Amino acid sequence: KQEVTQIPAALSVPEGENLVLNCSFTDSAIYNLQWFRQDPGKGLTSLLLIQSSQREQTSGRLNASLDKSSGRSTLYIAASQPGDSATYLCAAIYSSNTGKLIFGQGTTLQVKP
Amino acid sequence: GAGVSQSPSNKVTEKGKDVELRCDPISGHTALYWYRQSLGQGLEFLIYFQGNSAPDKSGLPSDRFSAERTGGSVSTLTIQRTQQEDSAVYLCASSRTAHNEQFFGPGTRLTVL
């Protein structure tokens, strides 16, 4: 079964800390992987997309990596800020025939001032 | 340019009534997706459109759910004879093609009384 798992479900860190969010997937034949953030009561904001041929993508303080052999992706957030507090979701596309995203359950991040 | 828009933002209906949810994708995006987010189930894929065709309907939970897309643009998700378990946030997303970055709308919160 094609699944995406995110652990932990919740994380609390002090402002300024560097942190890593984890995402694991069950099938190495992944097509691409996308990271999102969701603020309470809002839709999803795309952060980064990593194609299966790539190993990482960077945007500002965010860096996402993809390791197909181990079935893992990580989202690294540098110098965290209270505004980074949100739920972070990773999602994978497993098939070339559909753009269906399979989502993890998310990690809710709280950055304390 | 404008992002993905959805209407209505909130919909309250009585059990047994039909509802229509609308999605306007980003201009020029050929791929369109519907997802559902509920407390117990997380984010679930419903249907994927490429142009006006729906090559992947695998996530539609029952035959009470249907969707169409016209002119390669606007899409409507219809739920007939609504049930309380249909209560959720319905999210629409679009991308340039099937395997590009997906951009989400703000969602429609459906409450079935």
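Quick note: the coordinates plus some simple rules give every number you see, no bench work behind them. Quick caveat, the model's predicted, so the values are computed rather than measured. Cβ coordinates were reconstructed from backbone atoms using ideal geometry, including for glycine residues, and neighbour counts include every protein chain displayed.
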Open item on the list: Defining a contact as two alpha carbons under 8 Å apart and six or more residues distant in sequence, what relative contact order in percent does region B:54-94 show?
Closed with: 28
Open item on the list: Calculate the FRET efficiency for residue B:57 and residue A:76 from the Cβ-Cβ distance with a Förster distance of 41 Å, rounded to the nearest 0.05.
Closed with: 0.65
Open item on the list: Need one value for A:47-55: mean number of C-beta atoms belonging to other chains within 10 Å of its residues' C-beta atoms.
Closed with: 1
TODO: Over the whole of A:95-108, what's the average partner chain Cβ count within 10 Å per residue? Rounded to a whole number, please.
DONE: 5
Open item on the list: What does the charge count around residue A:62 come to, taking other residues whose C-beta lies under 11 Å from its C-beta (Lys +1, Arg +1, Asp -1, Glu -1)?
Closed with: 0
- [ ] Neighbouring Cβ atoms within 10 Å as the yardstick, rank A:74, B:78 fewest first.
- [x] B:78, A:74
- [ ] Give me a single rounded figure for B:35-43: the average over its residues of other chain Cβ atoms within 10 Å of their Cβ.
- [x] 3
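Please compute the contact order of chain B in relative form: average sequence separation of alpha-carbon pairs under 8 Å and at least six residues apart, divided by the residue count, as a percent.
Details: 290 pairs, mean separation 42.1, N = 113.
Dividing the mean separation by the residue count of chain B yields 37 percent.
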